[in-house]
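Undergrad: Take a look at this one; I'll ask things after.
Each value in this text was obtained by applying a stated rule to the coordinates, not by laboratory testing. Note that the structure is predicted; figures quoted are calculated from it, not measured. A quick note on method: Cβ atoms are made from the backbone with ideal geometry, for glycine too, and the neighbour counts reach across all protein chains shown.
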Ligand code: PRX
């Protein structure tokens, strides 16, 4: 814990050191880990390739840094506290020693079932401790996990399996979510029909619902582990070997597999976890994300466990059995650090303060947010009613690609400002660029958020397509990593994220490409063309507005709209279902045939008074017609 920053001057000092001599700075942090072989150089990089390597030629296993490094001192301490969906079901508390045994045992299972170093394993599971066991067992044997959020459709799952040519799927029979029981194995079966690489499926029994088990391919988890040794020697891997692939949406149609590697990711997630949340031994930390997203990877599993923390894992939803569930859990487990998304805060805010009243919330010391900009109203509500005016809010800005938190207050150290992610963490060299690629220096500037120096947990490539990685992140502004976000640096040098500047929308903290949703809509046989934009939504942050040209013959508009919604659910998953669908006679296009999204965004937002210049359109008359039919 010696790397913990405790004062503002300490932060300023550390930040300055991290910029003046990054190699010395990061090697000092990395020294507190257990390496089988030390690195030859701290960082080698260029952003042209891009080609980034941290702790070159160092050898390690990330799970040795969770277990072997901690067992002597923390063996009997809870590693995971699991709170089930149904509050009447038993809580599970798993100590470091117990988790170690489970991970070793499952590592042996994976090996026995044919998984070896470098193989890809898909994890499509509910929020149960076995999901963490699955991830860590892959890491222990040097296999590459790719967790797919269990709300994604069979098509999305199949696409991901095919893209990384996974050998195995780890899943469950079903999933409890609030009052619902959701089929999971069934989705896996459907997905595998469209793939060729899967050899085995291991199925955890969770809901007890009926499932088909394909003989020779499918194995029950409890049968697979029976009698298997709980000892396993970790595979020693290179610092730059792949740890995991996580698929995320971009502005093009197909999600890309963001690749993270072992050494740098380990160092950075631990460092940021310890500092941002100011975790102290004995605290209970809770992040409400799902392990299917990067937040779950870095700040439910890896960061906290590498730091020897107690991480709470929650299976359910914030409103089941009632809208006080989060607060009930905070009191029940005496949570000290609580980390959630603005969309959850806004959704709970809508229930008023009554659901909070039965709870004390007096164990909370730090409260955090992630995933989307937090509006000032939600910030104040969170601060006053949950933090009771005494907990610093850490508004953490980062991305799947950054692996860890980049801009955030350090709890209790950095003075906060509503809706501001505040200042970059040590090691993070930000730059704001105008659209011509000129860096805007000084304060009171606004532009494209970029990073000009590598950090240990940055993405290394996009799986199977390095050129796509270069194109997406390193080509807009030469020599910089481009985040896709707009940002403002105010008069105090504080950063406020303004949202995406590309064709990515952020719905309830979930990233979606407009093209991805359009592709799904276009799968409906009656759809001729579509255009999707985001619009401000009170709870979700952004909602999805789809303009669709359809062949209406023999169909009612209401039916067609419902069918289109179902098509999107089927192809991507319920999270991508458009909030509004408007059937339109045409889409505004430029003479070169490009859809003018600027106009569609204005209509979706209701800003129709000033449409700007529409004279360059091929079909200006369509704009009026769309405005008339707008919702
Ligand atoms: O637009 C930013 C927004 O979420 C995007 C990254 O999404 P994803 O890769 O799914 O990761 C989410 C969890 C790390 C960013 O490009 N975003 C994330 N955190 C914030 C945010 N926008 C504003 N404030 C934040 N704190």
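Undergrad: Output the Cα-based Rg and Dmax of segment 504-630 in Å, rounding Rg to one decimal and Dmax to a whole number.
TA: For segment 504-630, the Cα-based Rg and Dmax read 14.1, 39 Å.
Undergrad: Moving to a separate point now. Between residue 210 and residue 69, what is the label-point separation in nm under the 7 Å Cα-to-beta-carbon projection?
TA: 4.9 nm
Undergrad: Compute the separation of the alpha-carbon centres of segment 14-51 and segment 552-585 and state it in Å as a whole number.
TA: Between the Cα centre of segment 14-51 and that of segment 552-585, the gap is 50 Å.
Undergrad: Now, a different point. Helix-only estimate, please: 222 nm mean residue ellipticity of the chain, summing -39500 (n - 2.57) across DSSP H runs of length 4 or more and dividing by its residues, to the nearest 500.
TA: It lands at -8000 deg cm²/dmol.
Undergrad: Related question: Would you compute the Debye intensity of segment 92-221 from its alpha-carbon atoms alone, equal scatterers and no solvent, and pass along log10 I(q)/I(0) at q = 0.16, 0.17 Å⁻¹ to two decimals?
TA: -0.74, -0.84
Undergrad: Could you give the spread of the C-alpha atoms of segment 232-288 along their three principal axes, from largest to smallest, in whole angstroms?
TA: The Cα atoms of segment 232-288 stretch 44, 33, 20 Å along the principal axes, largest first.
Undergrad: For residue 86 and residue 376, calculate 0.36 nm times their separation in residues minus their Cα-Cα distance, and state this gained length in nm to one decimal.
TA: That works out to 101.1 nm of additional length.
Undergrad: Suppose we take every Cα in segment 1-84 and form the convex hull; what volume per residue is that in Å³?
TA: In segment 1-84, the Cα hull volume divided by residue count equals 180 Å³.
Undergrad: A further question on this structure: Quick one: P(r) of the chain from all Cα-Cα pairs, 20 Å bins, percents rounded to integers, in order of increasing distance.
TA: 19, 55, 25, 1
Undergrad: Run a plain Debye calculation on segment 296-433 (Cα atoms as equal point scatterers, no solvent) and give log10 I(q)/I(0) at q = 0.09, 0.15, 0.20, 0.21 Å⁻¹, rounded to two decimals, same order as the q list.
TA: -0.27, -0.76, -1.35, -1.48
Undergrad: Something else about it: For Cα pairs less than 8 Å apart in space and 6+ apart in sequence, what is the mean separation divided by the residue count of the chain, i.e. the relative contact order in percent?
TA: Value for the chain: 12 percent.
Undergrad: How much length is gained if the chain between residue 231 and residue 3 is pulled fully straight, taking 0.36 nm per residue apart and subtracting their Cα-Cα distance, in nm to one decimal?
TA: Here the segment from residue 231 to residue 3 would lengthen by 78.9 nm.
Undergrad: A follow-up question, please. Using alpha carbons only, how many angstrom separate the centre of segment 445-483 from the centre of segment 591-631?
TA: 32 Å
Undergrad: State, to one decimal in nm, how far the label point of residue 452 lies from the label point of residue 56, with both points 7 Å from Cα in the Cβ direction.
TA: If labels sit at residue 452 and residue 56, their model points lie 2.4 nm apart.
Undergrad: Using R₀ = 22 Å, calculate the FRET efficiency as 1/(1 + (r/R₀)^6) where r is the Cβ-Cβ separation of residue 254 and residue 199; round to 0.05.
TA: Calculated value: 0.35.
Undergrad: On a full-extension model of 0.36 nm per residue, what is the gain between residue 475 and residue 162, subtracting their alpha-carbon distance, rounded to one decimal in nm?
TA: Full extension from residue 475 to residue 162 adds 110.0 nm.
Undergrad: Taking square-rooted eigenvalues a ≥ b ≥ c of the alpha carbon gyration tensor, is segment 375-520 rounded, prolate or oblate, where a/c under 1.5 means rounded and, failing that, a/b exceeding b/c means prolate?
TA: Taking the square roots of the gyration eigenvalues as a ≥ b ≥ c, segment 375-520 is prolate.
Undergrad: With a cut-off of 8 Å between alpha carbons and a minimum separation of six or more residues, what is the relative contact order of segment 397-478 in percent?
TA: Over segment 397-478, the number comes to 24 percent.
Undergrad: Using only the Cα atoms, work out Rg/Rh for segment 147-248, with Rh taken as the Kirkwood radius, to two decimals.
TA: 0.99
Undergrad: Kirkwood-based Rg over Rh for segment 45-158 (C-alpha set), two decimals?
TA: 1.04
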